[in-house]
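The values are calculated or read from the model by the stated rules, or taken from the named source; none is laboratory data. Remember, it's a predicted structure, so these values are computed and weren't measured experimentally. Neighbour counts are summed over all protein chains in view; Cβ atoms, including those assigned to glycine, are modelled from backbone coordinates with ideal geometry.
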Amino acid sequence: MTGLPVGPRAGRTGDSGLTPQDVLAAVIASVEDDKAEDIVQIDLRGRSDMADYMVICSGRSSRQVAAISEKLADRLKQSLGILCKMEGKETGDWVLIDAGDVIVHVFRPEVRDFYQLEKMWLPAGAQRTAP
């Protein structure tokens with residue numbers, strides 16, 4: 001037993017009639033509207049029970065990282081009724097937003113390069129596209 005969630009995820013977006021793809025589209029639209037850079041989406045279906053998709057993007061500064069994150073949470077709440085959990089907004093280096101079936105990471109570029117989450121989660125042989 002790993003302690004990680006397995007099986008159906010109670011209370012996730014599927015209970016509201018929204019599909020994970022609906023939430024993913026809203027997340028991508030929001031971060032694009034706020035000028036996030038180097039947006040990468042990773043399909044986690046069949047690879048992890050924590051979420052169906054992961055989105056990783058960058059902001060140019062701590063202030064922009066915090067703004068992208070805050071606006072994303074507000075938009076998801078207003079348009080889709082999703083209450084997000086957020087960690088790291090205070091420092092603005094790396095903000096994690098849990099939107100249920102979509103996990104979003106917003107980084108400052110230096111922090112993103114240090115942790116290299118894409119390397120861990122992208123399928124073997126896949127390349128991160130240049131901006």
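Name the strands (runs of 3 or more DSSP E) wholly within segment 41-98 that hold at least 3 residues that are of a type outside the set (D, E, K, R)?
Passing ranges, in order: 53-58, 94-98.
So, of the residues in segment 26-60 that are at pLDDT 95 or above and loosely packed, with under 14 Cβ neighbours inside 10 Å, which turns out to be farthest from the chain's Cα centre (by Cα)?
Per the criteria, the residue is R60.
Look through I56, I28 and report the one residue that is β-branched (V, I, T) and free of Cβ contacts under 8 Å to residues at least 40 places away in the same chain.
Exactly one residue qualifies, and that residue is I28.
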